[in-house]
Amino acid sequence: MATARQRPNMASLLREELLEARGQAPAPSKDFCQLLVTRRQVIFRWWKISLRSEFRDARPGEIKESHEDFLDDSSLHIQIAIVFGAKVLKHVLNLCRGNYDFLERLPVPLLLYIISFLELEDIARLSQVSHRFKMICNSNTLWESIVENLCDTITPEMRELAQEMGWKQFFFTNRLRLQLQLRRRRQKHAEKEKLTE
């Protein structure tokens, strides 16, 4: 059994760059901004966008702060909220406090594997967590895996139909409708074969 010293710290599994966002400040400034959060720093950069002659020679600006300093810098919080929104600011504050969402950082193949074991209601709930989870929970790859786990046999004809209509749609279509659609496909194929003869 591994001791606490031998077990890797979860934070050590994180990449150096935790977050990067780019955006444009609202009018009247319209400056282009970049926000970068690393494991040690918060970096806020801006580039002046203006046709006015007094700003033509303006150089890009940059603020670099440690996580601790950033947590106390309310003026920078306001700038980030104005450009990137309150959700991004909240996320940055959580990162600086060491509150990492490791589930969100797992690679997609591993997430697909984990999600395939969930109940359908839980998959529906997880799809509402974020845009990323919505895409994963509605992906053909996930629903193909679910159908293959739950069905005894999937004929090549069924597989073609599922790929045409989408695996999630295939899963939720009742058996009578599937049989009807398979019968129609057979008829279409038979008609095409007659035309080519």
**Q.** Matching residues, the stretch 138-153, being at pLDDT below 85 and assigned to a loop (DSSP other than H, G, I, E, B)
**A.** 151, 152, 153
**Q.** Residue satisfying condition, being over 29 Å from residue 95 (Cα atoms), open to solvent by 80 Å² or more (accessible area, probe 1.4 Å), under 18 Å from the mean Cα position of the chain (by Cα) and hydroxyl-bearing (Ser, Thr, Tyr), within set 153, 141
**A.** 141
Q: Would you check which residues across the stretch 119-137 are surrounded by 12 or more Cβ atoms within 10 Å (Cβ to Cβ) and assigned to a loop (DSSP other than H, G, I, E, B) and list them?
A: 127, 129, 130
(Q) Can you pull out every residue in the stretch 102-113 that is surrounded by fewer than 11 Cβ atoms within 10 Å (Cβ to Cβ) and farther than 20 Å from residue 18 by Cα? (A) 109
Q. Restricting the stretch 43-63 to residues that are open to solvent by 70 Å² or more (accessible area, probe 1.4 Å) and touching a Phe, Trp or Tyr at 6+ places or on another chain (Cβ under 8 Å), which is modelled with the highest pLDDT?
A. 62
Q: Any chance you could count how many residues in the stretch 158-197 are loosely packed, with under 12 Cβ neighbours inside 10 Å and outside any helix (DSSP H, G or I)?
A: 2
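The values are calculated or read from the model by the stated rules, or taken from the named source; none is laboratory data. Here the structure is a predicted model, which means the values were calculated and not measured. Glycine gets a Cβ as well: all are built from the backbone with ideal geometry, and neighbour counts include every protein chain shown. Protein only, heavy atoms only, side chains kept; ligands, DNA and RNA dropped before computing areas. Shrake-Rupley method; radii C 1.70, N 1.55, O 1.52, S 1.80 Å.
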